[in-house]
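Down below is the structure, laid out as structure tokens.
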Amino acid sequence: MFRPGFRRFASNLTSSASEFAYTLQVSQAQGTVNGFVGAIGRTPLIRLNKLSDETGCEILGKAEFMNPGGSVKDRAALYVIKDAEERSLLRPGGTVVEGTAGNTGIGLAHVCRSKGYQCVIYMPNTQSQGKIDLLRLLGATVHPVPAVAFDNPENYNHQARRHAERLAAETGNAVWTNQFDNTANRRAHIETTGPEIWAQTNGAIDGFTCATGTGGTLAGVTRYLKEQSEGRVKCFLADPPGSVLYSYIKSKGALTERSGGSITEGIGQGRVTDNLAQEIDLIDDALHISDEKSIAMVYRLLDEEGLYVGASTALNVVAAYEMAQVLGPGKTVVTVLCDGAYRYAERLFSRGWLQGKGLLEAIPERLHKYIVLP
Ligand SMILES: Cc1ncc(COP(=O)(O)O)c(C=O)c1O
């Protein structure tokens with residue numbers, strides 16, 4: 001039996017042919033898909049068994065590490081490129097330019113290859129050679145530039161914008177995808193991640209939480225779930241140290257306090273991006289998650305669930321656990337498993353690195369057997 005809310009959702013869907021087609025794809029699970037971009041999305045929703053049993057709730061993780069580029073950012077990469085195509089800024093042979101040091105660049109590089117575009121990435125020159133090499137082997141042109149603050153015109157984001165503007169003036173066929181403030185990013189999650197979560201839980205979801213980098217995932221999923229549940233589903237922002245959003249939400253927009261820094265990558269923000277600004281009033285509450293809790297969860301997820309995930313995923317799962325405790329037993333809480341630990345293994349599983357960050361003691365003794373790197 002569907003809950004009344006889900007029946008209403010189903011009838012809403014039949015009124016929109018394109019949304020209905022999308023839900024059909026969800027229920028068909030994995031068939032043949034059209035190229036790399038066809039393989040983005042429709043990821044499993046994994047019940048985290050130990051954490052669910054411990055809290056008396058259903059704690060479910062959306063397995064975004066199973067996207068073909070390996071992270072949740074494949075969805076945003078596809079949508080910012082689709083948006084540029086729809087606005088006739090990009091035609092075959094065109095160039096996509098972005099400022100990014102992480103997963104968005106990887107997603108863009110893959111999508112560009114699969115669609116025949118050039119990909120140009122600007123990043124701070126403090127990033128590891130491994131990241132530069134990976135983007136280059138995916139066919140991107142990489143410009144490592146001095147790591148300067150956002151208000152400096154030489155910041156990597158501004159250089160990316162100027163590069164795209166120059167090329168667009170010359171060729172009329174280049175775009176700066178601008179992941180932070182381009183709301184096509186958020187749209188990816190309104191049109192895909194949100195509907196998938198709703199369909200996979202049959203609408204029986206009580207809470208959603210995740211951290212924000214651009215804010216696209218949290219904003220888009222929150223918008224969809226709030227609309228479908230008529231406001232019933234609670235949505236919490238999860239924030240690492242060094243980010244201003246926890247204080248911003250807690251103070252209802254009055255404060256943007258920042259203290260400390262975090263080992264997590266791809267999350268934490270110094271401002272309210274355009275992607276997040278659209279939905280920030282829908283966010284019910286915020287959770288501040290320490291690095292100690294996140295690193296311990298990296299190891300717990302490996303040991304108890306067999307999941308090899310990065311620190312932003314671990315932070316999200318801690319947040320889901322804490323949200324479950326707030327909502328109480330019997331509730332269903334969903335979060336996002338953003339990416340795998342592969343790109344971070346040299347740090348997260350290194351004794352020396354953990355000691356240097358003061359995080360070794362945060363990992364329970366029985367899990368030290370996973371610290372296999374010196
Ligand atoms: C590993 C990881 N987790 C989480 C996020 C945050 O996602 P969003 O930009 O949609 O807020 C990112 C974004 O780059 C990421 O790379």
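The values are calculated or read from the model by the stated rules, or taken from the named source; none is laboratory data. The structure presented is a predicted model; accordingly, all values stated were derived computationally and were not measured. FYI the Cβ positions are ideal-geometry reconstructions off the backbone, even for glycines, and counts take in every protein chain you see.
What are the residues in region 164-191 that are assigned to a helix (DSSP H, G or I) and buried (at least 20 other Cβ atoms within 10 Å of the Cβ), if any?
Going through region 164-191, the residues assigned to a helix (DSSP H, G or I) turn out to be 164-171, 184-191.
Result: Ala164, Ala184, Asn185, Arg186, Arg187, Ala188, His189, Ile190.
Scanning region 58-106 for residues that are β-branched (Val, Ile, Thr) and within 21 Å of Ala219 (Cβ to Cβ), which turns out farthest from the ligand (Cβ to nearest atom)?
Among residues in region 58-106 that are β-branched (Val, Ile, Thr) and within 21 Å of Ala219 (Cβ to Cβ), the one farthest from the ligand (Cβ to nearest atom) is Ile81.
Considering only residues that are assigned to a loop (DSSP other than H, G, I, E, B) and away from the ligand (no atom under 16 Å from the Cβ), look in region 208-237 and name the one that is nearest to Lys62 (Cα to Cα).
Val233
Taking the stated definitions as given, is Gly352 out of contact with any Lys or Arg (no Cβ under 9 Å at 6 or more places or on another chain) and not in a helix (DSSP H, G or I)?
It is false that Gly352 is out of contact with any Lys or Arg (no Cβ under 9 Å at 6 or more places or on another chain) and not in a helix (DSSP H, G or I).
Here is a list: Gly270, Gly242, Gly266, Gly215. Which entry is closer than 24 Å to Gly105 by Cα and touching a Leu at 6+ places or on another chain (Cβ under 6 Å)?
Answer to the selection: Gly215.
Those residues that are within 16 Å of Leu45 (Cα to Cα), among the polar types (S, T, N, Q) and touching a His at 6+ places or on another chain (Cβ under 9 Å), I need them from region 202-244; list them, please.
Correct list: Thr217 only.
Would you pick out the residues in region 98-117 that are β-branched (Val, Ile, Thr) and at pLDDT 95 or above?
Those that are β-branched (Val, Ile, Thr) and at pLDDT 95 or above: Thr104, Ile106, Val111.
Considering only region 120-139, state which residues are within 16 Å of the ligand (Cβ to nearest atom) and outside any helix (DSSP H, G or I).
Scanning region 120-139 gives Ile121, Tyr122, Met123, Pro124, Gln127, Ser128, Leu138.
Given the structure, is Ile205 hydrophobic (A, V, I, L, M, F, W, C), closer than 22 Å to Leu60 by Cα and within 14 Å of the ligand (Cβ to nearest atom)?
no
What tally of residues in region 319-352 results from selecting those that are at pLDDT 95 or above and more than 19 Å from Ile267 (Cβ to Cβ)?
Looking only at that region, the number is 13.
Cβ-Cβ under 7 Å, sequence separation 6+ or interchain: first residue in region 89-103 and closer than 13 Å to Arg166 by Cα, partner within 16 Å of the ligand (Cβ to nearest atom) and part of a loop (DSSP other than H, G, I, E, B). Which pairs?
Pairs that qualify, where the first residue is closer than 13 Å to Arg166 by Cα and the partner is within 16 Å of the ligand (Cβ to nearest atom) and part of a loop (DSSP other than H, G, I, E, B), are Val96/Thr177.
Looking at region 358-374, I want the residues that are exposed (fewer than 15 other Cβ atoms within 10 Å of the Cβ) and have a partner that is not in a helix (DSSP H, G or I) with Cβ atoms under 6 Å, at least 6 apart or on another chain. Which pairs are those?
Sorted first by the residue in region 358-374, then by its partner, the pairs are Val372/Phe349; Leu373/Phe349; Leu373/Ser350.
Applying the selection to region 302-329, what residues are of a type outside the set (S, T, N, Q) and within 16 Å of the ligand (Cβ to nearest atom)?
Residues satisfying the conditions are Leu307, Tyr308, Val309, Gly310, Ala311, Ala314, Leu315, Val317, Val318, Ala319, Ala320.
Of all residues being surrounded by 13 or more Cβ atoms within 10 Å (Cβ to Cβ) and among the polar types (S, T, N, Q) in region 335-357, which is farthest from Ile40 (Cα to Cα)? Just the residue, please.
Restricting to residues being surrounded by 13 or more Cβ atoms within 10 Å (Cβ to Cβ) and among the polar types (S, T, N, Q), the top hit is Ser350.
Given region 262-341, what helices (runs of 4 or more DSSP H) lie entirely inside it while holding 2 or more residues that are of a type in the set (Gly, Ala, Ser)?
The helices (runs of 4 or more DSSP H) meeting that bar are 291-300, 311-327.
Wholly within region 23-113, which strands (runs of 3 or more DSSP E) include no fewer than the required count, namely at least 2 residues that are closer than 20 Å to Thr201 by Cα?
Correct list: 45-47, 58-63.
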